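One structure below.
The values are calculated or read from the model by the stated rules, or taken from the named source; none is laboratory data. Fair warning: this is a prediction, and the values are worked out from it, not measured in the lab. Virtual Cβ from ideal backbone geometry, glycine too; neighbours counted across all protein chains shown.
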Amino acid sequence: MMTKVKTQGLVTDLMPCIRLLQAAGHFLFNYHADTSGMNMLLRKIYSSAHAVLIVVHYICMGINMAQYKDEVNELTANTITVLFFAHSIIKLAFFAFNSKSFYRTLAVWNQSNSHPLFTESDARYHQISLSKMRRLLYFICGMTVFSVISWVTLTFFGESVRMIASKETNETLTEPAPRLPLKAWYPFKTMSGGGYVFAFIYQIYFLLFSMALANLLDVIFCSWLIFACEQLQHLKAIMKPLMELSAALDTYRPNTAELFRVSSTDKTEKVPDAVDMDIRGIYSTQQDFGMTLRGAGGKLQNFNAENNPNGLTAKQEMLARSAIKYWVERHKHVVRLVASIGDTYGTALLFHMLVSTITLTLLAYQATKINGINVYAFSTIGYLVYTLGQVFHFCIFGNRLIEESSSVMEAAYSCQWYDGSEEAKTFVQIVCQQCQKAMTISGAKFFNVSLDLFASVLGAVVTYFMVLIQLK
Amino acid sequence: SLSGSSVFTHLFLLRCCGFCRLSRSSTARRGLSVAHEVYRALTLTLTVVYLLQECVYAYQERTDMDKLSRVMFLLLCHITSVAKQLVFYLDADRIDYLIATLDDPSYNEMSHQRLLVDASRWASRFVWAYSGCAVVTCTLWIVFPIIYHVQGQTVEFPFWIQIDYTKSSMFVVVLLYSYYVTTLVGIANTTMDAFMATILGQCKTQFTILRIKFETLPTRAKQALRCDSEQNYDEVLMRLFHDCLKHYQKIVSAILIQFGIGAWILCMAAYKIVNLSVLSIEFASMILFISCILTELFLYCYYGNEVSTESERLVTSIYSMEWVGARLGFQRGLLVLLERARRPVRPAAGLVIPLSLQTFLKIIKSSYTFYAVLRQTK
């Protein structure tokens, strides 16, 4: 029925997520097989309809907030809810205005270089990144559905009332409110009957789609980071064979068959026992002693070659020289990808952190009013965990990127660079210079996305909570 | 020159108002330069006298909270402005030197003309807009006294003056005096801020040009070879590389000219925010004043941040050029350069506080904390 669209690079890897984004109503109109005018129009109408429904319900919630702004408790609770769903509106609008840079980032990896010696490693790490991206997508989708289900379930517990402070007697009265997941103003009566059922279904739709809108965009961002991290892992893994290869270039008579078997077994590492200071235990193989490449012989050396000083044919020599070029070009490509990710999503992260900071401050205040295991406690804790979870989601992947990119330097140092050619040694030096500053994603240059950010947010919430408890 | 033209509008405004010295080359007639010196001294004395008048008024009205809060904010603004004027007055030599260095040929290469032209156009539009806002605000401030006077109500000016201004003629004189000085001070504040921001912006543009030069270094060497095939590729590469190095050294030495009042401005901004919130003042005015302070603070922090980030990107630009096939000597030269480029250039206020967006957030957070604590203890 639908012809498969030809995709390459990141788009192929992220296709399930992209389809889900299109289903949730984001203004994502590329990557379809069939781009006839009629179908595009239908898709645009679909996305606009979702956008209109969600914005209308959001405005209804805003009207409700304005109606009850004199009650402090109601105002705080409604503000938290409004801010909670502000993420969805902001991300919807952000994607609509910034879709070009999203497409550009998705297209960054369309053409990538390759080298015959390293294709196996490349494929392996690509597969790892694919499986991680899938698992992340399933997890986030599961959490979203679970949140919606638990929200709806919680609606049926407790009293569905509003707390109104009476002006004359100065005590809180309860006013009956419809038993709905969200408090919103509707132009029709929703206490019972047809209006109630319609409002309930509308709210379930709103909950599901707005949470999906916000979370799926974060999933795209984190998937990009997973991809970049696995590429860096691949580069780290091929550093050692690269050094051995370059050693073949300016030394004499290596055993070429042995050399071109890129070994993926790493039996040579032996971690030294902390108590046992016997150094001989660490260097246990001939390779570690470095006797294989110069001097005393070993299985990599072959003294039987006659005419060719390196013992390599022209094709093999070209392969050896181009390996360094492959590594550097691949690393530059990763740097470009990360820069593009930062440019695309940085502002969205800034808005997210801004809204989350205000939400968490108000939630800390709400948490001081918990007085037992009841609906109020569950809902406050639910909001807290969800908001902190959203922040944790992108902080952890941003942190992993920082760690991976700065560990490339350690990988460069821990391979046997002293046996490499002069060219390889200078290459290691230049790479170390570039990798000393870790690649970070910044929220429009205001902050860096890392676990430090999450720790500071969490610390701030706990501090506010403790101070407010004391002041009560 | 192209990079010098970015501060052209700022200097024009400052010289017209009498804050900045005329440039050496344009003092063709001694008489004109002497007259301008006198004008500059007059402007400074006028603003200082107005400031003293406001101080006396504030002291007189120290028990009336409403009037005190109105005059306090204006007083703080004027103190900041007088401080900036003093810097321009006493340090005029250093400012002239800074402007002269902008005309250096290595800052004005024709191949990057478009970037420089865009930067100067943006700088000139910005200063017109920013100073224009100040002038419009001052003009709006005299509208209300005129209306009240026409309606016959009493008008009180927020500074000490012994003349009786209930009569129309004296009222007009005092009004014009107040309008002239406040507009002058407003233009001084905004134009000087924009001037320093433009200098920082020019540094950022130069860094961008330098990055482009590094990224295209091997391709330019190959093109040069095509034109003149007698040269060696390696020699051409090294020559272009030296050229880029000298450019980099010049930019870095230009930024080291610090304006010490940057630290003063940051402190005053934080103090003003806290002060304003504590004094009782109506909501609309408070929002207006806070947004003014925040704009000034943000301007410095944003441009300082731009310079830092652009100099940090230099390492990535050098890395992304085609160095893989080049001669080992060239690669080792790159290494030494990378070692230096790894330390980003950070403009600092008073050489201590780095101008960056993180500083901006810290000042806002600290001000809010002080304000919350002060409110609790009231």
| said: Any residue at all in segment B:90-107 that's among the basic types (K, R) and closer than 30 Å to B:K213 by Cβ? | reply: yes
| message | Just to be sure I understand the filter: pairs with C-beta atoms under 9 Å, separated by 6 or more residues or on different chains, first member in segment A:127-145 and closer than 16 Å to A:M15 by Cβ, second member among the basic types (K, R) and surrounded by fewer than 15 Cβ atoms within 10 Å (Cβ to Cβ). Which pairs pass? | response | none
| task | Can you tell me which residue within segment B:349-363, out of those that are among the polar types (S, T, N, Q) and more than 8 Å from every other protein chain (Cβ to nearest Cβ), is surrounded by the most Cβ atoms within 10 Å (Cβ to Cβ)? | result | B:S356
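A:G459 - would you say it is within 14 Å of another protein chain (Cβ to nearest Cβ) and touching a residue at least 12 places away in the same chain (Cβ under 8 Å)?
The answer is no for A:G459.
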| note | By residue number, the members of segment A:321-354 that are more than 18 Å from the chain's Cα centre (by Cα), farther than 23 Å from A:S112 by Cα and buried (at least 17 other Cβ atoms within 10 Å of the Cβ) are none
| query | Is it the case that segment B:76-99 has a residue that's under 14 Å from B:I199 (Cβ atoms), free of Cβ contacts under 8 Å to residues at least 40 places away in the same chain, outside any helix (DSSP H, G or I) and among the charged types (D, E, K, R)? | reply | yes
| note | Out of (1) crowded, with 16+ Cβ neighbours inside 10 Å; (2) within 13 Å of chain B (Cβ to nearest Cβ), the one A:C395 does not meet is (2)
| remark: Those residues of segment A:437-449 that are closer than 16 Å to A:K332 by Cβ and out of contact with any helix residue (DSSP H, G or I) (no Cβ under 6 Å at 6 or more places or on another chain) come to a total of 1
| If B:V345 passes every condition in (1) without any contact (Cβ under 8 Å) to a residue 12 or more places away in the chain; (2) buried (at least 17 other Cβ atoms within 10 Å of the Cβ); (3) under 21 Å from the mean Cα position of the chain (by Cα) but one, which one does it miss? | (1)
| task | Tell me, yes or no, whether segment A:27-38 has at least one residue that is without any contact (Cβ under 8 Å) to a residue 60 or more places away in the chain, closer than 20 Å to A:W151 by Cβ, more than 25 Å from the chain's Cα centre (by Cα) and assigned to a helix (DSSP H, G or I). | result | no
| request: Please enumerate the residues belonging to segment A:408-461 that are under 29 Å from B:T359 (Cα atoms), over 19 Å from the mean Cα position of the chain (by Cα) and assigned to a helix (DSSP H, G or I). | output: A:Q433, A:Q434, A:C435, A:S456, A:L458, A:G459, A:A460, A:V461
| remark: A:L180 meets each of (1) at pLDDT 95 or above; (2) assigned to a loop (DSSP other than H, G, I, E, B) with one exception, condition (1)
| said: Out of B:S366, B:S311, B:S317, I need the residue that is part of a helix (DSSP H, G or I), under 21 Å from A:A339 (Cα atoms) and away from chain A (no Cβ under 11 Å). Which one? | reply: B:S311
| Flag for B:F157 being assigned to a loop (DSSP other than H, G, I, E, B) and under 31 Å from the mean Cα position of the chain (by Cα) | yes
| Enumeration of residues in segment B:320-348 that are farther than 19 Å from A:T440 by Cα, in contact with a Ser or Thr (Cβ under 8 Å, 6 or more places away or on another chain) and more than 11 Å from chain A (Cβ to nearest Cβ) | B:P347
| note | In segment A:119-164, residues that are modelled with pLDDT of 95 or more, among the basic types (K, R) and either at positive phi or touching an Asp or Glu at 6+ places or on another chain (Cβ under 8 Å) (or both) total 1
| task | Could you check, for segment B:96-106, whether at least one of its residues is within 22 Å of B:G18 (Cβ to Cβ), under 20 Å from the mean Cα position of the chain (by Cα) and of a type in the set (F, W, Y)? | result | yes
| request: For residues that are assigned to a helix (DSSP H, G or I), under 30 Å from B:S106 (Cβ atoms) and touching a residue at least 60 places away in the same chain (Cβ under 8 Å), tally how many sit in segment B:1-60. | output: 11
| remark: Over segment A:424-456, the set of residues more than 10 Å from chain B (Cβ to nearest Cβ), hydrophobic (A, V, I, L, M, F, W, C) and over 17 Å from A:C229 (Cβ atoms) is A:A424, A:V428, A:L453, A:F454, A:A455
